[in-house]
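Before any comments, here is the structure.
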Amino acid sequence: MPHSPFLQHDDHIRGNPQAAIAIVLYADYQCSACRSAHLALGDLHQRLGRQLCTVARHFPQTDRHPYAELAAESAEAAGVQGNFWGMHDALFAVQHSFEPALLPALATRLGLDADLLMEDVTQRAFRARVENSASGGTRLGVVSAPTLFINGVLYEGEIDEGAIVDALMRFVA
């Protein structure tokens, strides 16, 4: 169980769950601003190491991004096979060319059982989990992606590495 009271038992956590700083990112895999936030958080992990953990939560904006929910469900399907973060990163990496036909190749490249992943995605096995993530975000006040929370506090600044670092400085010991 994560140390931080802002984290949930079923969160996808990257980094040290006992870290002094926990950033929760509500994102949509087809949103270019979400990709920028994802990249900034990756850079922050390099700089802050064990002082930081990040959490990925889904907030697909299907009105603007037709494959956003499918992508989120694919990440969850990969997670059951032990590689949520690999698929998470891969989906952002292929964001501009993503289409469902890419999923088997991504799964294979990540060492996943592509047939099982596609079966899970086709059967919408993780639809409820993705919807629960999004509705949880809505309850917290999320209205669009990307939305960040730093140690449970809604972050309302610019979503770039410099601005986030400035906001994090009050949490770094």
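No value in this document is a laboratory result; all are computed from the given coordinates. Computed from a predicted structure; not experimentally measured. Heads up, the Cβs are rebuilt from the backbone with ideal geometry, glycines too, and the neighbour counts pull from every protein chain shown.
Dipole magnitude of the chain about its Cα centre, charges +1 at Lys/Arg Cβ and -1 at Asp/Glu Cβ only, in debye to the nearest 20? Mind showing how you got there, number by number?
Details: 12 positive and 20 negative charges, 80 e Å.
Here the size comes out at about 380 debye.
Calculate the spin-label point distance for Asp166 paired with Arg50, positioning each point 7 Å from the Cα along the beta-carbon direction, and give it in nanometres.
With each label point 7 Å from Cα toward Cβ, the separation is 3.1 nm.
Taking the Cβ of His12 as the centre, find all other residues whose Cβ is under 13 Å away and add up their charges (Lys, Arg: +1; Asp, Glu: -1). Provide the component values of the computation, followed by the final result.
On the way: positive: Arg14, Arg57, Arg129; negative: Asp10, Asp11, Glu76, Asp89.
Result for the local shell: -1.
Roughly how tilted is helix 68-80, in degrees to the nearest 10 and between 0 and 90, from the longest Cα axis of the chain?
With rounding to tens, the tilt is 90 degrees.
Okay, helix-only estimate at 222 nm for the chain: each DSSP H run of n ≥ 4 adds -39500 (n - 2.57), divide by all residues, round to 500 deg cm²/dmol; what do you get? Display every interim value, and only then the final one.
On the way: 7 runs with 78 residues, N = 173.
It lands at -13500 deg cm²/dmol.
From the phi of every residue in the range 85-102, what ³J(HN,Hα) in whole Hz does the Karplus formula 6.51 cos²θ - 1.76 cosθ + 1.60 yield, where θ is phi - 60° and glycine or proline is x?
The phi angles translate into 5, x, 5, 3, 5, 5, 5, 5, 5, 9, 3, 6, 10, 5, 8, x, 5, 7 Hz.
Please state the relative contact order of the range 30-173 as a whole percent: Cα pairs under 8 Å, 6+ residues apart?
Working: 128 pairs, mean separation 47.5, N = 144.
In percent, rounded to a whole number, it is 33.
Hey, for a label at Asp10 modelled as a point 7 Å past Cα toward Cβ, could you say which residues of the range 82-105 have their backbone N under 20 Å away?
In the range 82-105, the label zone of Asp10 (backbone N under 20 Å from the point 7 Å along Cα→Cβ) covers 82-88.
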